Amino acid sequence: MAKKALITGLTGQDGSYLAELLLEKDYEVYGLVRRSSSSNLNRIQHLGGKLEILSGDLLDQSSLMDVITEAQPDEIYNLASQSYVPLSWTQPALTAEYTALGVSRLLESIRRCKPDARFYQASSSEVFGQPDESPQTERTAFRPRNPYGVAKAYAHWMTINYRQQYNLYACCGITYTHESPRRGAEFVFRKITQGAALAKLGQLTELRLGNLDAKRDWCFAKDVVQAMWMMLQQEQPDDYIIASGEVHSVKDLVQYAFDHVGLAWQDYVQVDPTFYRPDEAVQLVGSIDKIHKQLTWKPDHSFKQLVEVMVEHDLKALTDEGK
């Protein structure tokens, strides 16, 4: 009998890749979508009728209970949140409602309606804020420095508390920044790969960016969702960092992107201090020793490969638009 999985945040980058992965493994896949949502469904359109969409909202406890009761999922992946860090400063209460309290409502719904379901909570490296050690491990202290990180820290610890108090199979994956061609254009990685593609096509003369020396641990979203699934296949639940274990600067990203299209990035990139993040996280890089040792997981794609995949995708998309 096929396993059933429920994904919140189905229409996002990670949700769409996870849905593909689970369908390849012959799961019945259900997606939670807000009835009033204006979310772009483009990321899942290619999946056609293979998914079952259910209406629900992380702000509404009863809708979550109804969805879980109807779907009776074996696995639940919570990928929904207000995930844009700058927006968390302008809408801190809304960020808390979805990203923090929404997880409490979901955990309580699981406890009441499907306590044998296995639960994955998408935690974030933003819980570390400005860490006191690098690389970070699963034991590194949380020191969040923005409302999004604070909300994710709450959700992380609530998941652990429900696991301990109610014996739920509940895991947290502390994901570092991960990208793909499905990433929104508001994020710097996609802004740069699109910029390189536009420059190659003669449609861009200047790309304004913030701190080129800012460093991140970046990996491919397809690799990340594989780790999510693997976490829920283990005998015992546990929490893991999901990262590349490497750090690269924004300048590295710019250079790889423009090199791939045969252009000199210095001819296009202008540093604009208005794009600096006010609370720039310092040296966020995850140790993947634990997940590699216990789950044998590591990224399949290198940083350079990820950049090239995204630049190629943006070149094709922009070329097709112009036809």
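The values are calculated or read from the model by the stated rules, or taken from the named source; none is laboratory data. These numbers come from a predicted model, not from an experiment. Note that each Cβ is placed from the backbone with ideal geometry, even for glycine, and that neighbours are counted across all protein chains shown. Remember, those area values only see protein heavy atoms, side chains included, never the ligands or the DNA or RNA. Shrake-Rupley method; radii C 1.70, N 1.55, O 1.52, S 1.80 Å.
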Taking R0 as 35 Å and r as the Cβ-Cβ distance between Ser134 and Arg208, the FRET efficiency 1/(1 + (r/R0)^6), rounded to the nearest 0.05, comes to 0.75
Computed accessible area, Asp213, all protein chains, 1.4 angstrom probe, square angstrom
100 Å²
Cα-based Rg of the chain normalised by 2.2 N^0.38 Å, two decimals
0.99
Hey, in the GNM for the chain with a 10 angstrom Cα cutoff, which one of Gly102, Gly184, Gly31 fluctuates hardest?
Gly184
12 Å cut-off, amide nitrogen to a point 7 angstrom out along Ser62 Cα→Cβ, residues in the stretch 76-119:
none
How large is the dipole of the stretch 1-120 about the Cα centre if only Lys and Arg carry +1 and Asp and Glu carry -1, each at its Cβ, rounded to the nearest 20 debye?
100 debye
quick note, the chain, DSSP beta bridge pairs, % antiparallel (nearest 5) is 5 percent
Along the stretch 243-254, Karplus-curve 3J(HN,Hα) (6.51, -1.76, 1.60; θ = phi - 60°) to the nearest Hz, with x for Gly and Pro, reads 7, 8, x, 10, 10, 9, 8, 4, 4, 4, 4, 4
Below 8 Å, C-alpha to C-alpha, sequence gap of six or more: please give me the relative contact order for the stretch 169-323 in percent.
36 percent
How much area per residue is accessible in the stretch 97-188 when the probe is 1.4 Å and only protein heavy atoms are counted (Å²)?
38 Å²
When the solvent-accessible surface of protein heavy atoms is calculated with a 1.4 angstrom probe, in what order do Met158, Met228 fall, highest first?
Met158, Met228
Using θ = phi - 60° and the Karplus form 6.51 cos²θ - 1.76 cosθ + 1.60, what ³J(HN,Hα) does each residue of the stretch 94-109 get, whole Hz, x for Gly and Pro?
5, 4, 5, 4, 7, 7, 9, 5, x, 6, 4, 5, 5, 4, 5, 5
Distance between the C-alpha centers of the stretch 171-188 and the stretch 54-111? Whole Å please.
18 Å
Divide by every residue of the chain the summed helix terms, -39500 (n - 2.57) for each DSSP H run of at least 4, and state the resulting mean residue ellipticity at 222 nm, rounded to the nearest 500 deg cm²/dmol.
-12000 deg cm²/dmol
Accessible-area order for Ser62, Ser244, largest to smallest, probe 1.4 angstrom, reads Ser62, Ser244
Kirkwood hydrodynamic radius of the stretch 88-187, from inverse mean 1/r over distinct Cα pairs, in Å:
14.5 Å
With +1 on the Cβ of every Lys and Arg and -1 on the Cβ of every Asp and Glu, the dipole magnitude of the chain about its Cα centre, in debye rounded to the nearest 20, is 280 debye
Pick out, from Ile160, Ile241, Ser55, the residue whose Cα sits farthest towards the positive end of the charge dipole of the chain, with +1 on the Cβ of Lys and Arg and -1 on the Cβ of Asp and Glu.
Ser55
Going from most exposed to least, what order do Thr11, Thr159 have by accessible area with a 1.4 Å probe?
Thr11, Thr159
